[in-house]
Amino acid sequence: MILIDGKKEAANLREDLKKEVSHLKTKYNKVPGLTVILIGDLAPSQIYVRNKERSAKEVGLKSEVIKYPDNVEEIEILNKIDELNKDHTVSGILVQLPLPKHINKKKVIEAIIPEKDVDGFHPVNVGNLSSGYESSIPCTPLGCYLLIKKVEPNLSGKKAVIIGRSNLNGKPMTQLLLKENCTVTITHSKTKDLKGECLKGDVVVAAVGIPELVKGDWIKKDSIVIDVGINKTEKGIVGDVAFEEVSKIAKAITPVPGGVGPMTIACLLKNTIECFKRSQS
Ligand code: NAP
């Protein structure tokens, strides 16, 4: 069984990105810049943003975090995004989710120009991804994709089963695996016989948010299992996959923590660099 080490893969990716930033600096005499907008004081968001800032600096990006209190007016955020859209030193803009209730998520996502949308959430980027054009790709599915490709570079003809159809994870994951010529089944809360569907998967990606939903007898031998879930339980953080059982059957599996999570931030840095490169060409 291959234990897919997301920490190690993310460190390798950051190392490659660091070299790329250094090369870009020599070529253009400037470095890509990432600006993160953080609204409110939710502890998980604060931790994510701190990690993003630290990682961005580690690879040599120009990194900035703009903080607002919980009660900031929506218009102030939209005006700031407008300013950042026009700022040539900013390659990528990210507004940390979730947002306070009085701020319209759709408006905020659509305010960021697609060229600087490092999260890949703007409808133009969603459309480009599904049409097979160049686009920013949501960071978590991109990280999953890179991990899967490490284990199995040739995915053509493989059967992939995605559990969860969120815009953040399931849907973009589907597009990425379709592009690799997988036969993709996307499942959700109304799927009948989820176990039966999972048993067909050469690749199974679980992005649900239910602790240890996927059991050992849901997985066929030699499958690659990617666990996106991060669930707080009495026994600590667990994924959407029952790791102990599934790791005895699968060919390869990501642990939680230490699997998909570390790749997400590394992919954000990758997206920022890609946005910068596109802006220079
Ligand atoms: P989400 O928006 O809540 O979507 C969950 C999906 O799971 C929905 O499509 C839902 O179906 C489906 N679902 C719910 N119950 C189900 C069931 N019993 N059987 C089959 N499908 C079911 O969640 P998300 O934002 O994609 O996040 C999923 C998990 O990933 C969470 O644990 C989250 O914390 C984690 N996450 C991790 C990272 C990372 O970096 N590792 C990043 C983001 C999220 P319906 O559409 O029918 O409701």
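The values are calculated or read from the model by the stated rules, or taken from the named source; none is laboratory data. Quick caveat: nothing in here was measured; it's all calculated off a predicted structure. All Cβ positions, even for glycine, are placed from backbone atoms using ideal geometry, and neighbour counts span all protein chains on display. SASA here: full protein model, heavy atoms, side chains in, ligands and nucleic acids out. Shrake-Rupley method; radii C 1.70, N 1.55, O 1.52, S 1.80 Å.
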- Query: Any residue in the range 28-51 that is without any contact (Cβ under 8 Å) to a residue 12 or more places away in the chain and under 15 Å from PHE276 (Cβ atoms)?
  - Reply: yes
- Does LYS220 qualify as being open to solvent by 60 Å² or more (accessible area, probe 1.4 Å), in contact with a helix residue (DSSP H, G or I) (Cβ under 8 Å, 6 or more places away or on another chain) and either at pLDDT 95 or above or more than 15 Å from the ligand (Cβ to nearest atom) (or both)? no
- How do the pairs read when you match residues in the range 78-91 that are closer than 10 Å to LYS116 by Cα and at pLDDT 95 or above with residues anywhere that are among the aromatic types (Phe, Trp, Tyr) and not in a loop (DSSP other than H, G, I, E, B), using Cβ under 7 Å and keeping only pairs 6 or more apart or on different chains? SER91/PHE276
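Against the definition (in contact (Cβ under 8 Å) with a residue 12 or more places away in the chain, within 15 Å of the ligand (Cβ to nearest atom) and in contact with a Leu (Cβ under 6 Å, 6 or more places away or on another chain)), how does ASP240 come out, yes or no? Before you say what the answer is, go through the steps one by one.
Details: in contact (Cβ under 8 Å) with a residue 12 or more places away in the chain: yes; within 15 Å of the ligand (Cβ to nearest atom): yes; in contact with a Leu (Cβ under 6 Å, 6 or more places away or on another chain): yes.
Taking the combined requirement at face value, the residue satisfies it.
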- LYS190 passes all but one of (1) open to solvent by 50 Å² or more (accessible area, probe 1.4 Å); (2) outside any loop (DSSP other than H, G, I, E, B); (3) within 12 Å of the ligand (Cβ to nearest atom); which number fails? (2)
- In the range 85-105, what residues are assigned to a loop (DSSP other than H, G, I, E, B) and surrounded by 16 or more Cβ atoms within 10 Å (Cβ to Cβ)? VAL90, SER91, GLN96, LEU99, ILE103
- Item | Those residues of the range 243-281 which are open to solvent by 10 Å² or more (accessible area, probe 1.4 Å), part of a helix (DSSP H, G or I) and within 10 Å of the ligand (Cβ to nearest atom), in sequence order | GLY261, PRO262, THR264, ILE265
- Before we move on, is LYS57 open to solvent by less than 90 Å² (accessible area, probe 1.4 Å) and basic (Lys, Arg)? no
- Conditions (1) within 17 Å of the chain's Cα centre (by Cα); (2) outside the structural domain of ALA252 (by TED's automatic domain parsing) -> PRO172 fails only (2)
- Task: Check off (1) crowded, with 19+ Cβ neighbours inside 10 Å; (2) farther than 30 Å from GLU74 by Cβ for HIS23 and give me the number that stays unchecked.
- Result: (1)
- Just name the residue that is nearest to the ligand (Cβ to nearest atom) out of those in the range 130-160 that are polar (S, T, N, Q) and open to solvent by 60 Å² or more (accessible area, probe 1.4 Å). SER130
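Can you tell which of VAL124, VAL118, VAL108 is without any contact (Cβ under 8 Å) to a residue 12 or more places away in the chain and either within 16 Å of the ligand (Cβ to nearest atom) or surrounded by 15 or more Cβ atoms within 10 Å (Cβ to Cβ) (or both)?
One residue alone meets the criteria, VAL124.
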- Item | Only listed residue being in contact with a strand residue (DSSP E or B) (Cβ under 6 Å, 6 or more places away or on another chain) and open to solvent by less than 40 Å² (accessible area, probe 1.4 Å), chosen from VAL204, VAL208 | VAL204
- On the given criteria, is LYS215 open to solvent by 60 Å² or more (accessible area, probe 1.4 Å), more than 21 Å from GLY170 (Cβ to Cβ) and more than 11 Å from the ligand (Cβ to nearest atom)? no
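Quick one: which residue in VAL90, VAL49 is closer than 30 Å to HIS23 by Cβ and out of contact with any helix residue (DSSP H, G or I) (no Cβ under 9 Å at 6 or more places or on another chain)?
Details: VAL90 fails: out of contact with any helix residue (DSSP H, G or I) (no Cβ under 9 Å at 6 or more places or on another chain).
Answer to the check: VAL49.
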